[in-house]
Amino acid sequence: MERIRFEGKTAVVTGGAHGIGKAIAEAFREEGATVHIIDIAKGEGWFQGDVGKQEDLERFAAHVLSVSPQVDFLIHNALPPMHGIDSCTYEEFSRALAIGVTAPFYLTKLFLGHLAPGAAIVCISSSRDRMSQPQTESYTAAKGGIAALTHAMAISLAGTARVNSISPGWIETRGHTYEGADCIQQPVGRVGKPSDIASLALFLCSEEAGFITGENIAVDGGMTHQMIYHGDHGWQLTP
């Protein structure tokens, strides 16, 4: 019989109703964990709430603890909005940071004292924490912030929880199939899948990763190490 690693454990996933978050939540369930999700989308099977609002985080934490007195795994995945410097307002930039940085910090704080022995926290950053496109400042700043928050919390929570982050590259979450240059540019030869991120999240929460904390791991098919110029890997410059 296949081993169920997380039977009797509790996992909390933000932004867990769709995409990468959904894949992570389903992977934890398959491993036997009880999973609590918060997502801004309406639907059944999760707690509807806005992680960018303090009161929603507090209501969600209270709900989780009313059902599960201890939390083993905390996955910060909720997606901040992307706005560029030309049009981004103060309020829009602040909201991106509230979702992408403040929420992971505050939700972790709310669960302090309720983290089970051997707890693990995984923050979902992005390869944009080290590279950028034009007009992406709000999203990029939030992802860079959570990468730094990861190693800060890893030190503060030493002996309480291990804290690591994952920086996904191009992950297709809508089921599209890509060929040609879109795949050739990736050193592994394909676009990423949500399961690529979910698999690493499970590993980082497992005993096998017990000596890993404070790390940010890129899961990007090698893209951030590949220089692409005109004529390389199927790409052509169009002035």
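Values in this text are rule-based calculations from the coordinates and carry no lab data. Model, not experiment: these values are computed from the prediction. Positions of Cβ are backbone-derived with ideal geometry, glycine not excepted, and every protein chain shown enters the neighbour counts.
Some notes on this structure:
- Segment E58-E208, length gained on full extension (0.36 nm per residue, minus Cα span): 50.8 nm
- Cα long-axis angle, helix 194-205 against the chain (0 to 90 degrees, to the nearest 10): 40 degrees
- Entry note, the chain: the mean residue ellipticity at 222 nm calculated from DSSP H runs of n ≥ 4, each adding -39500 (n - 2.57), is -10000 deg cm²/dmol after division by the residues and rounding to the nearest 500.
- Cut-off of 10 Å, at most 12 other beta carbons, DSSP loop: longest stretch of the chain lacking such trypsin sites (Lys or Arg not before Pro): 43-173
- Compactness of the chain as Cα Rg over 2.2 N^0.38 Å, two decimals: 1.03
- Neighbour net charge for V13 - beta-carbon separation under 14 angstrom, K R +1, D E -1: -2
- This model, with +1 at the C-beta of Lys and Arg and -1 at the C-beta of Asp and Glu, gives the chain a dipole about its Cα centre of some 260 debye.
- Charge tally for S138 (other residues, Cβ to Cβ under 15 Å; Lys, Arg +1; Asp, Glu -1): -2.
- For the stretch 1-52 and the stretch 117-164, distance of Cα centres in Å: 19 Å
- Legend: distances between Cα atoms for K9/K53; K22/K143; K53/K109; K9/K109; pairs beyond 22 Å are K9/K53.
- Each Lys or Arg adds one and each Asp or Glu subtracts one; over the other residues with Cβ under 15 Å from the Cβ of T160, this totals +1.
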